[in-house]
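Report on one structure; see the data block that follows.
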Amino acid sequence: MGRTILFLLLATLTLLLLPGGARSAPEPPARLTARDNPNDSGHGILLEWEAPAGAESILAYEVFRLPWRPESEGPPHAPDTPDSVWIQVGTVPQVEDQRSLEYVDEDDERMLGTAVNQHFVPRNGSVYYRVRSLATDGTRSAFCPIVSGTAIGNWFHTQRVNALVIAIILGALMVYFIRKSAGGIKLYIRPIPGLAHIDEAVGRATEMGRPILFVLGTGTAGDIATLAAYTILARVARITAEYQTPVLVPVNDPVMMLMAQGTVKEAYLEAGRPDLYRPENIFYISAMQFPYVAAVNGLMLREKCATNFYMGVFHAESLLLAEAGSTTGAIQISGTDQVSQIPFFVAATDFTLIGEELYAASAYLSQDPKLIGPLKAQDFVKAAILLIALLGVLEATLLSSQWVRSLIEAH
Amino acid sequence: MDPTSAWGMVWRGIAALITLAIFSFLWRDNPVYKFIERLWVGVVTGYWTMLLYYTSFTDKVRVPIFEEGQWWYIFPSLLGVLMWFRLSKKYGYVSRYALAFYIGISTGVFIPLTIKTSILYQVQGTIRAIDPTWTGIMFGIAFLGILCSLSYFFFSKEHTGVLGVSSKIGIYTLMIGFGAGFGLTVMGRVALLVQRVIFLRDYGIDLLGGGL
């Protein structure tokens, strides 16, 4: 018994002392290479290396590079220049059994405020790298041999081929249906609830002798929902021109203001009442969300607008606007593609165009072949998506495979 | 600045008065609200003017072109200048070239992005096995809801027959989702209100020397 206890004590002592005594630096990573990171704008370098022998004792790898400096401050740093100081750009954990490791060094900002960004990866310029291993006991290996890589801008994103295929199919279908529609063939579009009430809402404002408020949201002029909203604005403006009812369009973006002015002006011209067009009724308020809301809410109360339209991209201001409008007793028609804001419009306005209905509305109102054709094409793509999802789920459930899913894998 | 110092109390007092002035809109439109509304818009306009000057003009025009010699930045800058033609009645049409470029670029950027995020990612996330577990059954119900909701957005076919039924289920599914989203966001808004009320309460306590 005594000998057993003595043996256990000695064994424990040996085990406790062993790590300290046997502590040695790990091996550096092997076969480090640096090459252009594919599918980017030319500010990324992909580093690849292999885990060395004894990788189970390695916690992570530390990646170092030579800093960038602008041309005006001298030639690029090279490993043999005396003033070169290596900077750490990343740490890559060693996952058990992982033999091949990689790290992408990417940074496209030349300056950080007024300071030079040393981590910037120049396009078509060489960057030098070295990597070392960090063991679980805190010791570090020597650096592996230095390598250099050059970042190049890529024109083609090879991992978005599936998106390209969808775009091509959709484009071809659009062209086909636009031609069909332009050729005089009537393409059916189902009535959209809410749109039928536009005339009624404008008529009500006319009867009451009050203006109409059209809010284009807080998106930008390039947003698809904003573009769709312009078509509805054109329709509303045309009716208001016929009824001689003023339409007020407060906007949060100068470009949107210019586009809205152009849209309304054109609508008044088409209605044969250019004399009624008032550019001052389409005005810029503020680019910031909540001051914009405060001003629009005040406008609703002071101008006593009889009808409010909210069409476009909306964020947290949706409920604030719709609720304030509701208290004034105005008829409210809304439409947005922002899923998180639709509930507020559904709750606080009289009619809501849900998501894609906003896009469809512009086609429905204009009856323009260029808008009806794409709508028809989208329906085909939607049917295809529905079918792919159904096939994918059936395949996953019945055959336990993921072939359909791998086809549409998005990177 | 120490919020309980004399200056701290003055600034907090201004913030508290502005908060109350904004809240007064709940009663009715009034001169105090009007004043604060205009003050807010004015302050923000000034702030944004300077912000845009530094983030747009300095960072995207002056520094790249004149300090870093990246002459190709001249082209977008010229497009920006074209926008000023809007001020001229005779040459106002010139600004449309800049707008056309802007819309074209935005659409080009958005289409691949939308295909990726709104189509591919969504379908990818939807495809999974319906197994005979509770989670599997719930996913099966959700999947049916997805299919029906999608059918609601078919515009080129009349919603009658099978499509009529599925689109009806679809709109109910959407409404359930909207209801959940509404509740979640309202909770967030209430939290914001509570935060503001706590600010007013703390200011009141500090103003009265902690006597409340």
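Structure data summary
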{"read-out": "Computed helical MRE - 222 nm, chain A, DSSP H runs ≥ 4 contributing -39500 (n - 2.57), nearest 500", "value": "-13000 deg cm²/dmol"}
{"read-out": "Cα-based shape type of the stretch A:63-133, given that a ≥ b ≥ c are square roots of the gyration tensor eigenvalues and the cut on a/c is 1.5", "value": "prolate"}
{"read-out": "Over 23 Å [Cα-Cα, the stretch A:108-264], rounded percent", "value": "70"}
{"read-out": "Neighbouring partner chain Cβ atoms per residue of B:173-184, average, 10 Å criterion", "value": "4"}
{"read-out": "The stretch A:311-411: projected area of the alpha-carbon convex hull, averaged over directions, in nm²", "value": "9.1"}
{"read-out": "Long-range HN-HN contacts of A:Phe120 with modeled amide H, under 5 Å", "value": "A:Trp68"}
{"read-out": "Chain B - Rg over Rh from alpha carbon coordinates, Kirkwood radius", "value": "1.12"}
{"read-out": "Normalised convex hull volume, the stretch A:57-101, alpha-carbon set, Å³ per residue", "value": "101"}
{"read-out": "Where the protein assembly as shown is the region considered: accessible area per residue in Å², 1.4 Å probe", "value": "54"}
{"read-out": "Debye log10 I(q)/I(0) for the stretch A:255-317, one point scatterer per Cα, at q = 0.18 Å⁻¹", "value": "-0.83"}
{"read-out": "The stretch A:204-319: radius of gyration and largest Cα-Cα distance (Dmax), Å", "value": "13.1, 38"}
{"read-out": "Neighbourhood charge, 11 Å Cβ-Cβ cut-off, centred on A:Pro369 and excluding it, Lys, Arg +1 and Asp, Glu -1", "value": "+4"}
{"read-out": "Chain A: Rg to Rh, with Rh as the Kirkwood radius over Cα pairs", "value": "1.18"}
{"read-out": "Size descriptor, Kirkwood hydrodynamic radius, that averages inverse alpha-carbon separations across the stretch B:122-202, Å", "value": "15.5"}
{"read-out": "Magnitude of the charge dipole, the stretch B:82-212, Cβ model with Lys/Arg +1 and Asp/Glu -1, debye to 20", "value": "700"}
{"read-out": "The stretch B:40-99: C-alpha gyration tensor shape, a/c 1.5 cut-off, then a/b vs b/c", "value": "oblate"}
{"read-out": "Residues of the stretch A:229-254 with amide N under 17 Å of a point placed 7 Å along Cα→Cβ from B:Thr49", "value": "A:253-254"}
{"read-out": "Carbon + sulfur, % of accessible area of the stretch A:235-311 - ligands and nucleic acids excluded, 1.4 Å", "value": "53"}
{"read-out": "Charge dipole magnitude, Cβ of K and R +1, D and E -1 - the stretch B:24-157, Cα centre, debye nearest 20", "value": "580"}
{"read-out": "Shielding by other protein chains, B:131-137, mean Cβ within 10 Å", "value": "1"}
{"read-out": "For the protein assembly as shown, size of Cβ-based charge dipole, Lys and Arg +1, Asp and Glu -1, in debye", "value": "1400"}
{"read-out": "Violating pairs (Cα-Cα greater than 18 angstrom) within the set A:Lys186/A:Lys370; A:Lys186/B:Lys168; A:Lys265/A:Lys376; A:Lys180/A:Lys382; B:Lys116/B:Lys157; A:Lys180/B:Lys116", "value": "A:Lys186/B:Lys168; A:Lys265/A:Lys376; A:Lys180/A:Lys382; B:Lys116/B:Lys157; A:Lys180/B:Lys116"}
{"read-out": "Fraction in percent of alpha-carbon pairs per bin - 10 Å, the stretch A:32-75", "value": "19, 35, 32, 12, 3"}
{"read-out": "Projected-area mean, the stretch B:1-62, by convex hull of Cα positions, square nanometres", "value": "6.1"}
{"read-out": "Contact surface A-B: accessible area buried, both sides summed, square angstrom, 1.4 angstrom probe", "value": "5700"}
{"read-out": "Chymotrypsin sites (Phe, Trp or Tyr not before Pro) within the stretch B:1-46, DSSP loop, no more than 13 other Cβ atoms inside 10 Å", "value": "B:Trp27"}
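The values are calculated or read from the model by the stated rules, or taken from the named source; none is laboratory data. In this text the structure is predicted, and so the values were computed from the model without any measurement. So basically every Cβ, Gly included, is an ideal-geometry build from the backbone, and we count neighbours across all protein chains shown. Only protein heavy atoms, including side chains, enter the accessible area calculation; ligands, DNA and RNA are left aside. Shrake-Rupley method; radii C 1.70, N 1.55, O 1.52, S 1.80 Å.
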